[in-house]
Structure formats: structure tokens, C-alpha cells
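The values are calculated or read from the model by the stated rules, or taken from the named source; none is laboratory data. If you're wondering where the values come from, they're calculated on a predicted model, not measured in any experiment. For neighbour counting, all protein chains shown are included, and Cβ atoms are generated from backbone atoms with ideal geometry for every residue, glycine included. Each accessible area value is taken on the protein alone, full model and side chains, heavy atoms only, with ligands, DNA and RNA left out. Shrake-Rupley method; radii C 1.70, N 1.55, O 1.52, S 1.80 Å.
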Amino acid sequence: RSSSKYSSTAKTRHVRYVNDTFVKYAREFAREATSGGAVRVDDVIAAVELELGDVNAVSDGTFIDARWGIENARANARECLCGYGRARARIDVMGGVADYSGATVAQLSAANSTRVMITVRDDRDEEQSSRLHSSSFRVVSTSESGVDVFEGAFEKVFHVKTFEAAKTRAAFEQGASHDRWAAYVAGTISELFRAIVSDDDAAMVALGRWIRELGARGRALDVFVSSDVPRGKGVASSAALEVATARAMVDLMLRNSIVARDNARFIAHCAMLPLYCHSAENNVVGAPCGFMDQYACFWGQPGRFLALNCDLAKTSALDRAVEPFRHVTLPHGLRIYAIDSGVRHSNSGGSDYAHVRCGTFMGRKMLFNEIEARLGGRFGVRTQLMWHHRRGWMG
């Protein structure tokens, strides 16, 4: 347990003991599962907790890493579907918050990253097989700040038919404030599902049906998050979480042959993942950010700048021929360092970021109105076309 009464040496010894204990039980479970034994993962967790006491007090990442091993063994034993995703944080080298006004920005991938594992399983044991009960949604997150757990009924977090953002947003706004961090995960899943179930293309019908069936009684959707990305430091911790979550869900669909790898329509949706993540942060979390962070976390490559044109008209088309970005290799000998200023960063409503963005849009509208007035309406048609084309993005 990470407590002030322990010395750093004692903490280190305890961490090793925790990790070794988890690995031991995970390996035992894996052997039983692969040999056809009827061992339940919950029994393994219970055994570990009995030996260690309060496992949730461990905040160094060993809990989630061991849980990954256990859940992976469970997936290999075909007890559940499993998918993995990872996304790096990013360092804002040039462009800053001007992404929402269409600027060109330069971003650099950081060494820190967020890993996500998603499992979908039957939540009924043999004794419950004849009794229906609600599907569940759970998020377990381990980071430097500790272990956080969110649990809720699937139908209370998601609209099980349309997966509309308003339903998921309301679930977290009306819930406990300490659970709102999970909105980044739930929002990403909701926006990805919404885009797929609303796609009436014939190639997406079967996948849409599978998604709607997730809300069937007796299912459990679990999300496990492990991250060393600092929160509130301006390195896109929320975007890294969103992108890693989206990638994990896509991996689950492909890994378990829920959708074919050569499905062109699904591939097009995969290319839109950064925008689905951006929509989740805007429409579910309620943070009025641009989409630079999501694109940077999705397309970033170590050791290379991502030069991104943040004109939404160039990024939102499913059939776009050219991506609105390019990678630029760092010049030899150049190193980029991010220094923590100690000032906490926030994109949420009511922050300075939100006020500046609102002021930018107001100024743009005022500028268009002034130009239109001076040109006697000759600029009006073009101005209105530009405004209506982007109003959804700017709203």
C-alpha cells in the first residue's frame, strides 16, 4: 500500500510482492484455462485480494498490468472477446490552441502512452443462466495518481439502439462528479457505435446488429486502462485515452472476426476515428476543444513532427483522397523538451480555453459581417457558404 508510514524501500518491496503475486495467480489461471479447466477469473482475483488485502491501494500500475494478464488468459480460453489499443501523448511544438480556427500546427509524439484493453463477455455464470439480469459497463483505470473504478448498467450509460451522445452525456452529468473521468471512455465508445449503427450501407448492417446486441441482458463490457501520461499538463492525456479506447474497440471487432478486415466501409470508419474521439470530447464530455490532439495522438510517429492542417473541411470526408497532414523528420541533433510549468491545464467549459474559443468565433462572425457591409453584399454569398459549411464545427 502506498502510505506515508512506509519508507521508499518498503514500498518498493511491497510493489514487487504485489506484482509477483498477481503474476503467480495469472499463470496458474492460464494453465487451468488452456487445459480446459473451469476456473473463473473472479475466483483468481478473489484469491489475490485475500492474500494481499486491499489491492486497490496499489497505485503504481502493477494492478492493471496483472489484470491484463488475467483477462488475456481468459480471452485465450474463449471466455470473452478481447481487444487492445495504445496511443502516445503529444507535445505541442507549434500552433497551440489555434487548431479550432483552422491553423496549421506541428505536434510531436511523446514517450508516454495510454494502453487500453476492452473485453466483452457473458456476465452470467451457470447458476444465473436461467435468470436475466442487466448488462454492465465497467472502466478500471490505473495511473500515477492511483486506481479509479467506474461501474454502471449498460442501458443507463448508453442508448442501446442509437447510442446518441445526449444519453451518455446526461448519464455522467447526473451521476457522481468523481465518476466523470469515465465519460472520455464511454463517450468514445458511444460515438464510434453511433457512427456505425447509423450507417445504412449494406456492408455495415451485420456489425450494427452486433453492436445493438451488446445491450442484451447478461453481457458485460469492461475497459481496463493503464497510463503514464500526466493529467492536466497539456500533453493530450484525454485524447490519448480516447484514441487508445477507439483502437481497442476496433481491434476487438477485427481480432474476433466480427467484421472483415477487407470491409472497405469499415476501413473508412477507422480513418474517421480521430473525429469520433473529438466528437466524444465535445458532445459527451462537454470540452469545447479542437481536433488537433486526437489527430496528433492517432497519426503521430516517434521522432517526427506531425504537420496538420486543421481545416475541418479537409478532414471530415469519408472519401477524401489525401490526408491533411504530413510527417516531417526531426533535423539531426534537434531535441524537444516539455517542461512542467506547474500550471494545471483544462479544456472544460468555463475555463479560459473555452472563453478564448468563444471569443475567436465571435470575432470571426463580426469580421465577416463587416466585410459584407463594406462590399455592399458582394461578399455575402461566399461568407454565408463558408459559415454554413463550418457551423457544426464552430458551434
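Taking residue 355, is it exposed (fewer than 13 other Cβ atoms within 10 Å of the Cβ), more than 22 Å from the chain's Cα centre (by Cα) and at pLDDT 85 or above?
Spelling it out, it is not the case that residue 355 is exposed (fewer than 13 other Cβ atoms within 10 Å of the Cβ), more than 22 Å from the chain's Cα centre (by Cα) and at pLDDT 85 or above.
Cβ-Cβ below 7 Å, separation at least six or inter-chain, first residue in the stretch 271-286 and open to solvent by 10 Å² or more (accessible area, probe 1.4 Å), second polar (S, T, N, Q) and not in a helix (DSSP H, G or I): which pairs?
Listed pairs, sorted by first residue: 275/315; 275/316; 286/348.
Could you pull out the residue among 205, 185 that is over 22 Å from residue 140 (Cα atoms) and in the same structural domain as residue 286 (by the TED database)?
On inspection, the qualifying residue turns out to be 205.
Has the stretch 215-231 got any residue that is touching a His at 6+ places or on another chain (Cβ under 7 Å) and more than 18 Å from residue 111 (Cβ to Cβ)?
Yes, some residue in the stretch 215-231 is touching a His at 6+ places or on another chain (Cβ under 7 Å) and more than 18 Å from residue 111 (Cβ to Cβ).
Need pairs with beta-carbon distance below 6 Å; first residue polar (S, T, N, Q) and open to solvent by 50 Å² or more (accessible area, probe 1.4 Å) and within the stretch 95-112, second outside any helix (DSSP H, G or I) and modelled with pLDDT of 75 or more; sequence gap 6+ or separate chains.
104/309; 112/89; 112/228; 112/229
If a residue has to be of a type in the set (Asp, Glu) and assigned to a loop (DSSP other than H, G, I, E, B) to count, how many in the stretch 156-203 make the cut?
The number of residues fulfilling the criteria is 4.
Would you be able to say whether some residue in the stretch 65-76 is at pLDDT 80 or above and open to solvent by less than 10 Å² (accessible area, probe 1.4 Å)?
No, the stretch 65-76 contains no residue that is at pLDDT 80 or above and open to solvent by less than 10 Å² (accessible area, probe 1.4 Å).
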